[in-house]
Every structure is written in structure tokens, then in C-alpha cells.
Amino acid sequence: MSVVIRSIASYIAPIRVTNEELAAKMDTTDEWIRSHTGIGARHFAPDGIQTSDMAASAAKSALENAKISPHDIDYVIVATATPDYFGFPATACIVQDKIGAYGAAAFDVVAGCSGFIYALDIASSMLESSHGRNALVIGADSLSRITNWEDRSTAVLFGDGAGAAVVSRIDEGARGCLSFILGADGSGAKDLYLVQPERSSAYERQAPMVPVISMNGKKVYDFAVKSIIVAIERLLHKTMYRLEDFSWIVPHQANARIVQAAAKRFSIPREKIYMNIEEFANTSAASIPIALAEMSEKGLLKANDLVMLVGFGAGLTYGAAVIRW
């Protein structure tokens, strides 16, 4: 028995914003953004489009690709840092209703940019230990809604989007989700977190204020490089695979310099690492499934390819996975 990624699809937010367009509104330049991050553009969701809308759109496409009905889904798991509602209900429940997966269990995973890998591990474990056959694993985030547009060091980094995978239990061996590594360092919780803007007066009744992203760039950078290295080393030791065995390494698309630093440590050829950060920027939990969907559309993922996923994010969290496509 194996748990495989049966299909993958994405929702790309339609409003494309280039570095030059941002530079016209804030103190930055295309050259600075590219040299520090590798980002050239990002996509924003229109007003009125919620995280659940993007997640549902990606999920419907994934179901069509898998040629199965929403009624065949046993679990809906949404990894997100930008839910439709604070606290409850879970965005996954809203997605479940929007796609018609009636009766499916539904819940959210909050692990920042590592969320898709965390959710994939959970889905794989649940399908292996239950009578369920299919799960929807979704990474979706609307980061433009929580970006601090007065902080140029973070405002240029983020975009919106969603990616969804249909994950199925099949009666075959040696395929699918083969191994996972998950970890966290909670001492770095405030290196990347949502902060409530200060009010002008503590005694005035005002409308609720949306929290915005606050990041200690140097500490997050150091953690990200270290966590990628640690995750890869642990995964290779656990599985006994060599880096040469992998057709692709698909990292979380946060910063090209972070990925380059980790790749240099292992002497990983550039052509073995899939990057699309130049077009989509950092879409948090959506970045890895968006990359996988793009690779699938381009025909880059072949049957039996060994693929490594590796992510890091708020928490601070990290995760890695080995998948036989």
C-alpha cells in the first residue's frame, strides 16, 4: 500500500505586480529586490476573493485532473496562515462546502510556509491508518492582506495563491509519500509573526485592526539556511538515498539566496532545483504546491521520479519530504 499524489493544481491570483510597479509607490528598486530576493513579480487576489475561494478553485482543478468526485474525498486539510476567519470556523470547512465534499472531515494546519509539507504528512498518515481513500491537501495564503506596506524590507516579498493535491491510498508499494521530516524551533516565534498595529489612543473605540507581518530578516535567513541543511541531512540519513538519486528538489520559494546557500553546501546542481520565485514571490504554504503544479503542467515530473520537498517558515518550523512520483 502507498499514499500517492494523484493530481496537483493551482490557483494563480490574477493581479500581477512587478518590482517596477512597487518601486513607483515605495522606496525600492527592481535591482535591489532582485539582488536580495530573486523576485521579479508577485500576484495578488482581487478584493472580495478570500483564501477559501483560492483554495476551492485549486481543489476543483485538482479533482478534475484526478477524475474523481468531491464525494470521494474523506479529508480536506488546508495549510494557511491567512484563514477567512480568525479562530473559527476552519477555512477547510468553508472549502469543503464550496467544492461539495459533503461529510468529509475538514481542518486547518498552521505551520507557516512549512504548512503544505506538514499537511501532506498528516494526510498520508491518516490515509495509511484509516479506511479513507482520498484527501485534499491544500496550501493557500492571501499574504497581501497582512503585508505591512510601510516596511519595504518585507512588503516586496509576498504574494497570494493556492495549490491543491489529491492524495490517494493505492494498493501498490514503493511509490508516493515515502518519508517525512518535521521540526520546529519555538524560540524563534517572534522572528516572524503577526503584530497588531498600535492604536492612536487606548481610550477610543475603533474598528478592529488587521495584524501585519513583522520579520527579523537576518534571524529568519540564518534559520532557513540551517533548517534546509538539517532537513536534507536528516532525510538522507533516514532514507539512505543520495542526492544524486533525486530528479528534483522543490524548496519553499521564499528567497533565492537562501536556496542558493543551501545548494552550495551540498554542491547541488542548479538545474536540479526548481524555482519560480521570480514570478510568484513568497506565497507561504501555497509555494510548494504551486511549484509542483507548474512542473506538472510543463511535463517535468515523470513517473517514478524521486522528488524532495523542503520548506521552512513561521513558528519557526521546517519540514522535508521524499516522494516517488
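Taking trypsin sites (Lys or Arg not before Pro) across region 201-310, the ones in a DSSP loop with at most 13 further Cβ atoms lying within 10 angstrom of their Cβ are Arg205, Arg242, Lys298, Lys302.
Distance between the pseudo-spin-label points of Asp151 and Ser69 (7 Å out from Cα toward the beta carbon): 4.8 nm. In region 2-174, a dipole from Cβ-located charges (positive for Lys and Arg, negative for Asp and Glu) runs towards its positive end, and of Ile77, Ile146, Thr18 it is Ile77 whose Cα lies farthest in that direction.
Which one, Phe86, Ala174, Leu136, projects farthest toward the positive side of the charge dipole computed for region 2-174 from Cβ point charges (K/R +1, D/E -1)? Result: Ala174, furthest along the dipole toward the positive end.
If R0 equals 25 Å, the separation of the Cβ atoms of His36 and Ser247 corresponds to a calculated FRET efficiency of about 0.25.
Full-extension gain between Gln196 and Leu300, please, as 0.36 nm times their residue separation minus the C-alpha to C-alpha distance.
Working: separation 104, 0.36 × 104 = 37.44 nm, distance 4.24 nm.
So the extension gain works out to 33.2 nm.
Lysine pair count for the chain (Cα-Cα distance under 28 Å; residues 8 or more apart in sequence or on different chains): 28. From the Kirkwood radius over Cα pairs of region 2-174, Stokes-Einstein at 25 °C and 0.890 mPa s returns a whole-number translational diffusion coefficient of 146 µm²/s. When shorter helices are ignored and each DSSP H run of at least 4 residues is given -39500 (n - 2.57), the per-residue value for the chain at 222 nm works out to -10000 deg cm²/dmol.
For region 1-132, what is the charge dipole size about the Cα centre, in debye to the nearest 20, if Lys and Arg each add +1 at the Cβ and Asp and Glu each add -1 at the Cβ? Can you show the working numbers first?
Working: 8 positive and 15 negative charges, 47 e Å.
It works out to roughly 220 debye.
Counting DSSP beta bridges with both partners in the chain, what percentage is antiparallel, nearest 5? The antiparallel proportion sits near 75 percent.
The average projected area of region 126-252, computed from the convex hull of its Cα atoms over all directions, is 12.3 nm².
With springs only between Cα atoms under 10 Å, which of Ser168, Ser187, Ser57 fluctuates most in a Gaussian network model of the chain? The residue with the greatest mean-square fluctuation here is Ser187.
For the chain, what relative contact order do you get, as a whole percent, if you take Cα pairs closer than 8 Å and at least 6 residues apart?
RCO, the chain: 26 percent.
Applying 1/(1 + (r/R0)^6) with R0 = 51 Å to the Cβ-Cβ distance of Arg133 and Lys218 gives a FRET efficiency near 0.65.
Ranking Tyr274, Tyr118 by Cβ neighbours within 10 Å, fewest first, what do you get? Mind showing how you got there, number by number?
On the way: Tyr274 20, Tyr118 28.
Ascending number of Cβ neighbours within 10 Å: Tyr274, Tyr118.
Provide Rg over Rh for the chain; use the alpha carbon set for both Rg and the Kirkwood Rh (inverse mean inverse pair distance). Walk me through the intermediate numbers first.
Numbers: Rg = 19.0 Å, Rh = 19.8 Å.
Here Rg/Rh amounts to 0.96.
For region 2-174, what is the relative contact order in percent, using Cα pairs closer than 8 Å and at least 6 residues apart in sequence? Write out the running numbers ahead of the final one.
Working: 364 pairs, mean separation 58.8, N = 173.
Relative contact order comes out at 34 percent.
Exposed loop sites, defined as GluC sites (Glu not before Pro) outside DSSP H, G, I, E and B with at most 14 other Cβ atoms within 10 Å, are absent from the longest region of the chain, namely 1-149.
Mean projected area of the Cα convex hull of region 28-95, taken over all directions, amounts to 7.0 nm².
Throughout, read-outs are computed from the coordinates displayed, never taken from laboratory work. Every value quoted in this text rests on a predicted model; they were computed, and no experiment measured them. Counting neighbours? That spans all protein chains shown, and the Cβs are built from the backbone with ideal geometry, glycine included.
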